[in-house]
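Right, one structure below, let's go through it.
Just so it is clear, none of the values below were taken in a lab; they were calculated from the coordinates. From a predicted model like this one, the values you see are computed outputs, not experimental measurements. Don't worry about glycine lacking a Cβ; one is built from the backbone with ideal geometry, like all the others, and counts go over all protein chains shown.
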Amino acid sequence: MFKKYLITGLLIWVPLAVTLWVLDLIVSAMDHTVQVLPTGWQPKQLFGFDIPGLGLLLSFLVVLVTGVLARNFIGRQLVLWWEGLLSRIPIVRSIYSSVKQVSDTMLSPKGNAFRQAVLIEFPQRGQWAIGLVVGAPGPALTRHIGGDMLTVFVPTAPNPTSGYTILVPPGDVKELDITVDDALKFVISLGVVTPIDGRLRTPRPAALISGTPAGPRPG
């Protein structure tokens, strides 16, 4: 009986503790942004103590103002000038262009990467893994392997930020009728948290890449 009570208590407190720990890491990291303010404007100088969360608010305002400015003509020209400057710096050019391409794909409302969860046979036939459709690899790669291919990212557990980037034929992909969030929960939880709806649909490559929902088909 004692063990049951202990496990029940852990099931309540562990998720809460981990959530608070992650939030504390984020807020603590963002609070360092107040150091970019002039010394006389920093909370410790003005009030004699730090204000937790002020850096997070400051970061939010900076990102928001940057977005507003970048939407007008002058702002766009400044962004183009800044990107042109970074593109002339060795090493920085490679890092910045790679990160920007990934962020544009993932964060842009028009982007289709990681919009669809699928099943693929991985790491070998008869074994299945959940993957996220990234898009199409393009002719530079497909001409070496022939035929249409899909680029699928297979996240690893329990850290979904690492994984495998795989090129697979559309016929080897089973489109899942679940959200990407549900798919990631399944991976992160080591399969403990199962999707509510796991129905499968026959994949249609054009639909997967463009983000257009594929029509249901029994199978």
- log₁₀ of I(q)/I(0) at q = 0.11, 0.22, 0.24, 0.25 Å⁻¹ - segment 125-198, Debye sum with one point per alpha carbon: -0.31, -1.01, -1.13, -1.19
- Taking only C-alpha pairs under 8 Å that are 6+ residues apart, what is the relative contact order of segment 19-106 in percent? 19
- Item | Relative contact order for segment 151-196, counting Cα pairs under 8 Å that sit 6 or more residues apart, in percent | 36
- Spin-label proximity, Thr39 to segment 46-62 - amide N less than 13 Å from point 7 Å beyond Cα toward beta carbon: 46
- Query: So how far apart, in nm, are the two label points at Asn159 and Val18 if each is 7 Å from Cα heading toward Cβ?
  - Reply: 1.5
- Per principal axis, descending, Cα span of segment 49-178 in whole Å: 58, 40, 28
- Calculate the radius of gyration of the Cα atoms of segment 1-102 to one decimal place, then report Dmax, the largest Cα-Cα distance, as a whole number, both in Å. 21.4, 69
